[in-house]
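The values are calculated or read from the model by the stated rules, or taken from the named source; none is laboratory data. Note that the coordinates shown come from a computational prediction; the quantities given were computed from them, not determined experimentally. Glycine gets a Cβ as well: all are built from the backbone with ideal geometry, and neighbour counts include every protein chain shown. Just so you know, the surface numbers come from the protein's heavy atoms only, side chains and all, with ligands and any DNA or RNA stripped out. Shrake-Rupley method; radii C 1.70, N 1.55, O 1.52, S 1.80 Å.
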Amino acid sequence: MLERTHLIDFALILAVPIIITVAYLLPAPIQQSLILEYGNPSLLNIWSASYVHRGFNHFSNNLVAYILYIVPTYLLFVSADRRKLFWYSFVSFLICLPPVIALLNIAVIGQGSGAGFSGIGAAFIGLLLVASITFVRDRLLNEAGGTTGTSVFLIALGFTAWNYTNLLVTIGILVVSALLLLYEIYSIGLDEVRRAVSELNSNRSHVMLVLVAFALFLSSPTLLFPKQIVQDGNAVNIFSHYIGLVFGFFVPTVLSIYWEHSHEMFSPLREKFGY
């Protein structure tokens, strides 16, 4: 597994906590100028707000969460030989996602201010599930489709609903998730699933990495969507977390499906014309 990694990859991954730390150490007036005021936004603040924080707890929690989730995500992608998908997702999260989060907050919330890396951090949590499914699908389950894993994503949303809605809604989401999961297993074939599990168990490092990744993802609702929304005198922006989580799962999934279909579509032409 480690032989597939690149030193430059770790340098780029570590650049994110360095940037966040430098922003946290800036003088308070400069940090305040980088926070997004929903009622008076600027082009700079629409992007910069995701990289500044309100207080040490806000900063340290996002920093630890990023490191905790990015490491298994990267290892799973490189083990599946999908390094390109990892980097396209990584760059899109850091550059494209901040304005998406900001503009949706402006449109939906419209008042107050926003700051913090947690929306992007939530996207990396969604990406961890994509990495886990990609590894299992590409290395073990050749019959699995590009949408495999949606049921697991819905299970996480079901636990999230438990925090804010009644038990009936939660049970409904979990039942739909379970039925979708059973359908995915049926589509792949029970014998194929058993073979994949057996093959995965034969590699101790891989099985531990996959189990840790799924455990981290399924525990994410408690981190992203706490029951007590007001913490340390500040309201947790669960809307930004939700945007990031959905973006982090579906954008790489769609990108992966597009690449697979374009490869299947154009591979006969490449073979015919030799390119």
Given (1) open to solvent by 50 Å² or more (accessible area, probe 1.4 Å); (2) not in a helix (DSSP H, G or I), identify the lone condition not met by HIS53.
(1)
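If I go through region 1-42 residue by residue, how many of them are over 29 Å from ILE106 (Cβ atoms) and among the polar types (S, T, N, Q)?
The total comes to 1.
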Please go through (1) open to solvent by 20 Å² or more (accessible area, probe 1.4 Å); (2) under 14 Å from VAL246 (Cβ atoms); (3) touching a Pro at 6+ places or on another chain (Cβ under 9 Å) for PHE159 and return the number of the only condition it doesn't satisfy.
(2)
Of the residues in region 171-190, those that are surrounded by 12 or more Cβ atoms within 10 Å (Cβ to Cβ), at pLDDT below 80 and part of a helix (DSSP H, G or I) come to GLU184, ILE185, SER187, ILE188
Given (1) open to solvent by 40 Å² or more (accessible area, probe 1.4 Å); (2) within 16 Å of VAL236 (Cα to Cα), ILE35 misses just (1)
Within region 191-218, restricting attention to residues that are surrounded by 13 or more Cβ atoms within 10 Å (Cβ to Cβ) and not hydrophobic (A, V, I, L, M, F, W, C), which residue is nearest to SER79 (Cα to Cα)?
HIS206
